[in-house]
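Everything on this sheet refers to the single structure shown next.
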Amino acid sequence: MLEVIGMSRIVTLFCQENSIGKEKARGLAHCIEELGVNIIRHGFNDGNPHAIDVRILAKEKEIILRIRDDCRPFNPVNYYRIYEHDDNLEKNIGLRMVIKMTKSIKYVSTMGTNNLVIKI
């Protein structure tokens, strides 16, 4: 968990170095923290060693965030769609916030890895 929080701090520095505004930087750091914590809580609980890889691509008008992990398949977009009309707004609030702040989010599971591609 500490590494995920540390990663969000590294992202802030990356954004400063690449002239990315504070609002986008906060959104990017929030996405990494929320999704990273989700992956650890739900994917690291099988007793096996796992890894999370985060890549960021800064383009002129958008940021592309790719998160890859080797945990069991989990599509956060489908999970969100199942619960998006739930009256309990506190349920899955982190995932709800991530999906609402992104331009697009795409999930693909291939060769034992979960791949999230997020455009901010």
Legend entry - Selected residue [farther than 19 Å from Gly94 by Cβ, surrounded by 11 or more Cβ atoms within 10 Å (Cβ to Cβ) and in contact (Cβ under 8 Å) with a residue 12 or more places away in the chain] from His50, His30: His50
Inset, instruction - Give the stretch 53-62 a look and list any residue that's in contact with a Lys or Arg (Cβ under 6 Å, 6 or more places away or on another chain) and open to solvent by less than 60 Å² (accessible area, probe 1.4 Å), or say none. - result: Asp53, Glu62
Inset, instruction - Give just the number: which of (1) of a type in the set (Gly, Ala, Ser); (2) under 12 Å from the mean Cα position of the chain (by Cα); (3) loosely packed, with under 15 Cβ neighbours inside 10 Å does Ser19 not satisfy? - result: (2)
Inset, instruction - Determine, yes or no, whether Phe44 is closer than 26 Å to Gly112 by Cβ, in contact (Cβ under 8 Å) with a residue 40 or more places away in the chain and either open to solvent by 40 Å² or more (accessible area, probe 1.4 Å) or among the hydrophobic types (A, V, I, L, M, F, W, C) (or both). - result: no
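Got a number for residues in the stretch 65-119 being more than 20 Å from Asp46 (Cβ to Cβ), assigned to a loop (DSSP other than H, G, I, E, B) and out of contact with any Lys or Arg (no Cβ under 6 Å at 6 or more places or on another chain)?
Residues that pass the stated criteria total 10.
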Legend entry - Condition met for Glu84 (more than 17 Å from Val11 (Cα to Cα) and either without any contact (Cβ under 8 Å) to a residue 12 or more places away in the chain or among the acidic types (Asp, Glu) (or both)): yes
Legend entry - Residue match in the stretch 71-91 (condition: of a type in the set (Phe, Trp, Tyr), open to solvent by less than 90 Å² (accessible area, probe 1.4 Å), under 14 Å from Ile39 (Cβ atoms) and in contact with a His (Cβ under 7 Å, 6 or more places away or on another chain)): yes
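The values are calculated or read from the model by the stated rules, or taken from the named source; none is laboratory data. Worth saying up front: this structure is predicted, and the values here are computed from it rather than measured. In this analysis, Cβ positions are derived from the backbone assuming ideal geometry, glycine residues included, and neighbour counts consider all displayed protein chains. Calculation scope for accessible area: heavy atoms of the full protein, side chains included, ligands and nucleic acids excluded. Shrake-Rupley method; radii C 1.70, N 1.55, O 1.52, S 1.80 Å.
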